[in-house]
Amino acid sequence: MDGSSSYENGDVGSSDLQPQDADYSYLPSLLDELALLILARVPRSEYGKLCCVNKRYLALLKSYELSKIRRAIGIEEPSVFMLASGESRWWRFEHHFASFSKLPDLPSDQCFAAGDKESFCAGTHLLVSGKEIEGVVVWRYELDMKKWFKGPSMISPRCLFASVSCGDFACVAGGIGTGTGMEILNSAEKYTPENKSWNPLPKMNLRRKLCSGCYMDNKFYVIGGQNENGVDLTCGEFYDRDKNKWELIPDMLKDSPIPTSRSPPLVAVVKNELYSLDASSNKLKVYLKKSNSWKELGNVPVRADHSRGWGVAFKSLGDELLVIGGAWNSYTGQGMTIYTCCPDPNEEFLHWRCLGSGSNRMSHFVLNCSVMVV
């Protein structure tokens, strides 16, 4: 991240050139279905050039069908979207942080810009939830359009909720309602980017806020948090789509200390294994499903304990774990560092790879971070 990038001042693949409708009638035209299969195998970084071929190709490249085909044939390129403290615009990082760009200004009001926000991805949509003067709203950035759009709002607007990206859809659950009673919720919803809609899911067994979500074994897990009485929850639960119901997992976090004012649990799933970053000890743990227990895998190379887990990004990045935060040797928290590793639950310690430092570009304190795999 300390290097320069040709994408720094604009969206990746953006161009001032306009699609051309030249006369290619002497060439045989590919059917849209075949063209999409070919385009799906082209790196997304080249889409900006292909958009200029003609208006037909521009439409194909912006179609939701293209992302579905890429996912079906296993061609996925993760992008990291991040908003750091002191920044007014979101950053997008690609190719393991080798290239980066700024997103357009998010056209919200000042209340939204200055307040706390929560983010997650669904398909090619980055969704950012926060509070405007009129109430809680959701803004979405559509990668193919390279634009921000407002809405649609959740069925039950909320904050401090669990969220998870499940490829071509996303789910949210729990949190604090925005009504006059500030009710702790047990409701859940599913967002589908193809039709830009929210649909209700069955209610969880327990009401919880400050909880975290993950997607494992094709199930939506909600872990930890606090109930309506402010009691810390060590249980988790998951939504089984086949049964259309939530199943409780008692004592899922029984081995993890829960300090006061901590962030929601820092969890990520890689290769269908659940990992947790303990913000009180900076230790990485892997969840052992059969025994409902956790195994330590050594320390992470960032200071997760500096702000009790707040300001740290802990995400899955394809087949790797990604952690972003203040440098381990910095007791003031200054200096952002970015690390990845390929976790192995059978190892005692993991080998972390440093991807660089963002200390000269942005604050070490990460406000929001989401990974889009398309």
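The values are calculated or read from the model by the stated rules, or taken from the named source; none is laboratory data. This one's a predicted model, so the numbers in the text were calculated from it and none came from an experiment. Cβ placement follows ideal geometry from the backbone for every residue including glycine, while neighbour counts extend to all protein chains displayed.
List of remarks:
- Residue in segment 150-171 that is surrounded by fewer than 17 Cβ atoms within 10 Å (Cβ to Cβ) and of a type in the set (D, E, K, R) present: yes
- All positions within segment 135-167 that are closer than 20 Å to Y64 by Cα, touching a residue at least 60 places away in the same chain (Cβ under 8 Å) and not in a loop (DSSP other than H, G, I, E, B): Y141, S165
- Pairs where the first residue, in segment 299-317, is more than 19 Å from L350 (Cα to Cα) and the second is surrounded by fewer than 23 Cβ atoms within 10 Å (Cβ to Cβ) and among the basic types (K, R), C-beta under 9 Å, 6+ apart: R308/R262; G309/R262; W310/R262
- Residue list for segment 195-226, restricted to those being within 18 Å of the chain's Cα centre (by Cα) and of a type in the set (A, V, I, L, M): L210, M216, V222, I223
- Filter result for K283 (surrounded by fewer than 17 Cβ atoms within 10 Å (Cβ to Cβ), under 22 Å from M252 (Cα atoms) and without any contact (Cβ under 8 Å) to a residue 60 or more places away in the chain): no
- Of the strands (runs of 3 or more DSSP E) lying entirely inside segment 168-273, the ones with 2 or more residues being more than 30 Å from I75 (Cα to Cα) and at pLDDT 95 or above are found at 236-240, 245-249.
- Enumeration of residues in segment 356-372 that are surrounded by 18 or more Cβ atoms within 10 Å (Cβ to Cβ) and at pLDDT below 90: G358, S363, H364
- Test result for W139, at pLDDT 80 or above, of a type in the set (A, V, I, L, M, F, W, C) and within 19 Å of F314 (Cα to Cα): no
- Looking only at segment 200-210, residues that are farther than 20 Å from P264 by Cβ and either without any contact (Cβ under 8 Å) to a residue 12 or more places away in the chain or buried (at least 19 other Cβ atoms within 10 Å of the Cβ) (or both) come to 0 in all.
- Taken as a whole, the condition of being among the charged types (D, E, K, R), touching a Phe, Trp or Tyr at 6+ places or on another chain (Cβ under 7 Å) and farther than 26 Å from Y221 by Cβ does not apply to K147.
- Candidates are the residues of segment 300-322 that are part of a strand (DSSP E or B) and in contact with a Ser or Thr (Cβ under 8 Å, 6 or more places away or on another chain); the one that is farthest from C121 (Cα to Cα) is V302.
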